[in-house]
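Structure first, commentary second.
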Amino acid sequence: MENLFRLADHDDFFSRRCIWVNGPVIVGAGPSGLATAACLREQGVPFVVLERAECIASLWQKRTYDRLKLHLPKQFCQLPKLPFPEDFPEYPTKGQFIQYLESYAKHFEINPQFNECVQSARYDETSGLWRVKTVSTAGSTRNEVEYICRWLVVATGENAERVMPDIEGLSEFCGDVSHACEYKSGEKFTGKKVVVVGCGNSGMEVSLDLCNHNASPSMVVRSSVHVLPREVLGKSTFELAVLMMKWLPLWLVDKLLLVLAWLMLGNIENYGLKRPSMGPLQLKNVVGKTPVLDIGALEKIKSGDIKVVPGIKRFTRNQVELVNGEKLDVDSVVLATGYRSNVPSWLQEGEFFSKNGFPKAASPHAWKGNAGLYAVGFSRRGLSGASSDAMKIAEDIGSVWKAETKQQKKRTTACHRRCISQF
């Protein structure tokens, strides 16, 4: 606690409300942040969770389409210390997953500081503490707060900000343009010609949903993509891969998955979907590109209900010109172009995180940096990877916390009048 007073030498210390956090600050109240908070609670370590939105799991609550279900079986998506309810289906819906997360937060008494947008976070070498500056986004009043803590957990995840591609003429296009994070249902697109830019899981599912609402989607496939069946003979493909990985090398598991995909789905290259040269699991590990788990879109592609088209050259007022010279009349555009990390915009640190917002170290070493810095949800291994990171982080902080708590002697120390002790 005495290190806190060294901060008073800084010019801006008196310009904002200052809160001392007697434990780690967790940035982000999505599944990764909640999992870390729950594990810390089990360790008896106090914490503060900062969330820029007004709810937990804002990506799930605000930026997902209505038909979304978990792509993997629930046992691979549950967070530590609390499984899904037994009556939930194997692939819970969006609503069920949000219900689970809300009950999870309630069970572990996780109460995030909502509407707190982190502007910057940096390590103060003089004091050996982290300084996390936030701006409250609630209401019309701008409130600035600085949190002082020994540990900082970055839990903003891989999908904090949408990626908007720079396509020639898109700003001149007269039809509706939206990102997949704004897409809810194909209901308003009935009877319309829609270009879906992107062929990942979101692009495939949006295209399928548009078909189910009698729209005419054209899906832009600019690069290669792995499409796998979601299940093989009633068994989750992902679960099957996990089992095989216990006994076989990754390259062999990849080859077996591709053989199974060919037997069940046929040669997808006949429909304009070229497979990458790298196997699906290796590609996921190396560049983070997730294979598509097919839930019906491929049948629509084979029937012609979803038209696969190559890359876009430019847009005009009511058309799109493709790289092969073909021109399509278009009513609307949905950009299923993915998301990115926003860590570089606020974390002032260059050793642990790279410029793309991901830890420089590869999994399983991507969870711990120096000087009390941690990352959860950046392992490119989905919710199971985030849960694993959360448990490691809590154990690491908890071991130090418990050792120091035992040694700590009660003493009374004056506190600056503008510094509010948290917990």
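Take the conditions (1) crowded, with 19+ Cβ neighbours inside 10 Å; (2) out of contact with any Cys (no Cβ under 8 Å at 6 or more places or on another chain); (3) farther than 27 Å from Cys77 by Cα; (4) not charged (D, E, K, R); His213 misses just one of them, which is (1). Among the residues making up the stretch 27-65, those that are aliphatic (A, V, I, L, M) and within 15 Å of the chain's Cα centre (by Cα) are Val27, Ala29, Leu34, Ala35, Ala53, Ile56, Ala57, Leu59.
Within the stretch 32-47, count every residue that is of a type in the set (Val, Ile, Thr) and surrounded by 24 or more Cβ atoms within 10 Å (Cβ to Cβ).
The first filter runs over the stretch 32-47 and keeps only residues of a type in the set (Val, Ile, Thr), leaving 36, 45.
Then keep just the ones that are surrounded by 24 or more Cβ atoms within 10 Å (Cβ to Cβ); that gives 36.
Result for the stretch 32-47: 1.
Scanning the stretch 318-357 for residues that are more than 29 Å from Glu172 (Cα to Cα), buried (at least 20 other Cβ atoms within 10 Å of the Cβ) and either among the acidic types (Asp, Glu) or touching a helix residue (DSSP H, G or I) at 6+ places or on another chain (Cβ under 9 Å) (or both) returns Phe353, Gly357.
Does Arg67 qualify as being of a type outside the set (S, T, N, Q) and touching a Cys at 6+ places or on another chain (Cβ under 6 Å)? First the steps, then the outcome.
Working: of a type outside the set (S, T, N, Q): yes; touching a Cys at 6+ places or on another chain (Cβ under 6 Å): no.
It is false that Arg67 is of a type outside the set (S, T, N, Q) and touching a Cys at 6+ places or on another chain (Cβ under 6 Å).
All of Pro80, Pro85 fail the test of being under 29 Å from Val242 (Cα atoms), in a loop (DSSP other than H, G, I, E, B) and free of Cβ contacts under 8 Å to residues at least 24 places away in the same chain, apart from Pro85.
The one condition from (1) touching a Cys at 6+ places or on another chain (Cβ under 8 Å); (2) surrounded by fewer than 19 Cβ atoms within 10 Å (Cβ to Cβ) that Asn143 does not meet is (1).
Scanning the stretch 359-396 for residues that are assigned to a helix (DSSP H, G or I), in contact with a Lys or Arg (Cβ under 9 Å, 6 or more places away or on another chain) and closer than 14 Å to Gly23 by Cα turns up Ile393, Ala394, Asp396.
Counting the residues of the stretch 239-283 that are open to solvent by less than 70 Å² (accessible area, probe 1.4 Å) and not basic (Lys, Arg) gives 28. Just the residues that are farther than 29 Å from Ile393 by Cβ, touching a residue at least 12 places away in the same chain (Cβ under 8 Å) and surrounded by fewer than 16 Cβ atoms within 10 Å (Cβ to Cβ), please, taken from the stretch 146-176. Hits for the stretch 146-176 are Met164, Pro165, Glu168, Gly169, Glu172, Cys174, Asp176.
The values are calculated or read from the model by the stated rules, or taken from the named source; none is laboratory data. Bear in mind that the values here come from a model prediction, so they are computed numbers and not experimental data. Quick reminder, even Gly has a Cβ in these numbers, built from the backbone with ideal geometry, and neighbours come from all protein chains shown. For the accessible areas, the whole protein counts, side chains as well, though only heavy atoms, and no ligand, DNA or RNA atoms are used. Shrake-Rupley method; radii C 1.70, N 1.55, O 1.52, S 1.80 Å.
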